[in-house]
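The values are calculated or read from the model by the stated rules, or taken from the named source; none is laboratory data. Quantities reported herein were computed from a predicted structural model and do not represent experimental measurements. Ideal geometry is used to build each Cβ from the backbone, glycine not excepted, and the neighbour counts take in all protein chains shown.
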Amino acid sequence: MIRYAYICNQVLQLYRSLPTISFPMNPQLFFDQIKNCKTMAYTTFAEINSCSINDVLELCESESGCTHYDVTNNRYLVLFNSSTSNNNVIGRIRWTLAHELGHVILKHLSYLAEPRIAENNFNKLSNPELEAEADYFAALLLCPMPLYEQLHIQSAQDIQRVFGLSVEASNVRWNEYLKWKRSHRKTAWENDLKRLVNQRLEIK
Ligand SMILES: [Zn+2]
């Protein structure tokens, strides 16, 4: 079961931790606040470990990114592909980082840590529920629907421009928004988020 309310509150807390809020949201701001979590580009990791990018891709089992959890020391290492070739645009990198941040904030890896991670630390998470939670988290963090009116979002192109998502993701979000608008009821969480952003939004 996806913990929607829990994820909403986690995102609100992260927003609260920022003195000013601006979009596109930079996930690195939140990683910087987590003492036991580091982010590193595939290229840097390859350099440090004197291996090839292909080795890193194999290790991560992912073209976009992965999160490594060191159970013994309770430390996270998020590796991400910073190369913009192969259609890995800035928007996709932003999404990957937000998704991996979701795994860390929602404590997915400590949950999975028993017993497998000990023999294969670079686990590609294959639990669909946890993946869905991380995606829900990323969407809320990067482009929360309750803010669309406030930020004058009126098309997929607006999503792409304001929130810095890829064309693909922007289209998906826009279609979801149209559905959401038809069926959704206002919540206290939503009001808190809107108020907070009203107070702290920094127009670039
Ligand atoms: Zn994932």
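Report yes if Thr43 is over 30 Å from Asn191 (Cβ atoms) and surrounded by fewer than 17 Cβ atoms within 10 Å (Cβ to Cβ), otherwise no.
yes
Among the residues of the stretch 150-165, is any among the hydroxyl-bearing types (Ser, Thr, Tyr) and either touching a strand residue (DSSP E or B) at 6+ places or on another chain (Cβ under 7 Å) or touching a residue at least 24 places away in the same chain (Cβ under 8 Å) (or both)?
no
Taking only the stretch 7-38 into account, find how many residues are within 17 Å of the chain's Cα centre (by Cα) and in contact (Cβ under 8 Å) with a residue 60 or more places away in the chain.
Residues in the stretch 7-38 being within 17 Å of the chain's Cα centre (by Cα) and in contact (Cβ under 8 Å) with a residue 60 or more places away in the chain: 22 in total.
Any residue in the stretch 50-71 that's charged (D, E, K, R): show its pairings with residues that are modelled with pLDDT of 90 or more and buried (at least 20 other Cβ atoms within 10 Å of the Cβ) at Cβ separation under 9 Å, as long as the two are six or more apart or on different chains.
Pairs that qualify, where the first residue is charged (D, E, K, R) and the partner is modelled with pLDDT of 90 or more and buried (at least 20 other Cβ atoms within 10 Å of the Cβ), are Glu63/Asn81; Asp70/Tyr76.
Pairs only if they're at least six apart or on different chains, beta carbon under 8 angstrom, first in the stretch 129-140 and over 17 Å from Arg92 (Cα atoms) and among the hydrophobic types (A, V, I, L, M, F, W, C), second near the ligand (Cβ under 10 Å from one of its atoms) and in a helix (DSSP H, G or I); list them, first residue then second.
Leu130/His103; Leu130/His108
Of the residues Ala134, Ala139, which is modelled with pLDDT under 95 and either in contact with a Leu (Cβ under 9 Å, 6 or more places away or on another chain) or surrounded by 15 or more Cβ atoms within 10 Å (Cβ to Cβ) (or both)?
Exactly one residue qualifies, and that residue is Ala134.
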